[in-house]
Structures are given as structure tokens and as C-alpha cells.
Amino acid sequence: MTEETPGFEEKPDVPSGATPEDAESKAASSSSGEGAAPAGDASAQNAGLVAQLDQVRTALGERTADLQRLQAEYQNYRRRVERDRVAVREIAIANLLTELLPVLDDIGRAREHGELVGGFKSVAESLETVAAKMGLQQFGKEGEPFDPTIHEALMHSYAPDVTETMCVAILQPGYRIGERTIRPARVAVAEPQPGAQGVKAEGAEENAAADDKESGGPDEG
């Protein structure tokens, strides 16, 4: 059994006749060759990390786009629900107030005949106040031009002193909520007397001719 000599270090094989400088050069080349392999592994590892980073960025972009799309859909849903809620509320109020219109008509007739007194007057005024707070507006006045979009003509007559179709009497007031008419005003209308415009025009021409005659006629050049 051979005993190893303490402190003995292996040295690279050197051909016989080689100088110490040749031995050192061979040892250095061996060391550089051993370090080349880890450098290649690091490059491959870096490339793998870059690829993984690209995948993570792509996945993050997709998730972000999904989140933005869901958020937009949620906002549209909220707006749609709010719009539907307002529409349902307006329809419910309009239906309720439409049912109250006959009561309001009775109150109006009682007021015209001087029968709105005592506790009945207080209750009636409270009801009218509540209806007004809910958006109910009354319209229709005597002397305003007839508008078929908001007026319903129940009576018709001719009058020589009107130049267009006018509302001469309000049989039932109209009611609206905002821009929505829930009942047109029921009115009596009067139209200009047939031929009255022609008579007025002829009378105006005769008056103008008389004025010219009295002034000596038109100036002669």
C-alpha cells in the first residue's frame, strides 16, 4: 500500500523537455476552457427568463383588457338600471295622478261654485299641494291659441273678432308631468268668421283709396 506524500499537488502533464513557462501556459488554457461552459448556460438561462417575462406581460395585458371590459359592462348595466328605475317611477306617478284627475276636477268645480269651504277646503288644498310636489302641472287658459297637441276641442263656433282659432272657454283643464301630457285641455274654440278676412281686406283698401282721394291723389311727376 502506497502512502501519499503530504502537500503533494497535481500538476498538468508537461512533455519532457518543456520549460516551466510552457507548463503555466497550458494550465491557464485549461482553466479558461473549464469556465466557458458556465457562460453558455447563463445565456440560455437569461433567454428563458426573457421568454417567461414576455409571457407574463402578455397574460397581464389580457387580464387588464378583460377587467376594463367588465368594468365598462358594469357601468353600462348601472346606467341602464338607473334609467329603467326612473322610467318605472315616472310611469307609476303618472298612473297615480291620472286616477286623481276626476277628484281634482271636482275640487275645481267646487271652487268655482264657492263650495270649497271649511275642512273640505283644507283637505282639497293639501291634495293639490301633494300633486304639485309630484310634478303635476295644470294648463289651459281662455284666449290662448288652439294647439291640437295639447287641446281637445269639444265645442266649435265662429267669431268675427278673432284672427285665428282661439280657446274661448276651458271646459276641463289639462294636466302634464314635465313634458308629458297626461290629459289634454278640453276647450271650446272659435274660428274667424268665413269671409271676414276678405271683408276686412276690402275695407282696408277702400279706406286707403279714400285717404288718397282726400289728399289729392298720388303726386304727379
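Taking (1) surrounded by 11 or more Cβ atoms within 10 Å (Cβ to Cβ); (2) without any contact (Cβ under 8 Å) to a residue 60 or more places away in the chain in turn, residue 82 satisfies each apart from (1).
Residues that are in contact with a strand residue (DSSP E or B) (Cβ under 8 Å, 6 or more places away or on another chain) and loosely packed, with under 12 Cβ neighbours inside 10 Å were ranked within segment 123-144; the one that is nearest to residue 94 (Cα to Cα) is 141. You will find that of 185, 169, 153, 132, the residue that is touching a Gly at 6+ places or on another chain (Cβ under 6 Å), of a type in the set (Gly, Ala, Ser) and modelled with pLDDT of 90 or more is 185 and no other.
Does residue 110 satisfy being closer than 30 Å to residue 186 by Cα, surrounded by 13 or more Cβ atoms within 10 Å (Cβ to Cβ) and without any contact (Cβ under 8 Å) to a residue 40 or more places away in the chain? Considered against the rule, which asks whether it is closer than 30 Å to residue 186 by Cα, surrounded by 13 or more Cβ atoms within 10 Å (Cβ to Cβ) and without any contact (Cβ under 8 Å) to a residue 40 or more places away in the chain, residue 110 comes out as yes.
The values are calculated or read from the model by the stated rules, or taken from the named source; none is laboratory data. Remember, it's a predicted structure, so these values are computed and weren't measured experimentally. Here the Cβ is made from the backbone with ideal geometry for all residues, glycine too, and neighbour counts use every protein chain on show.
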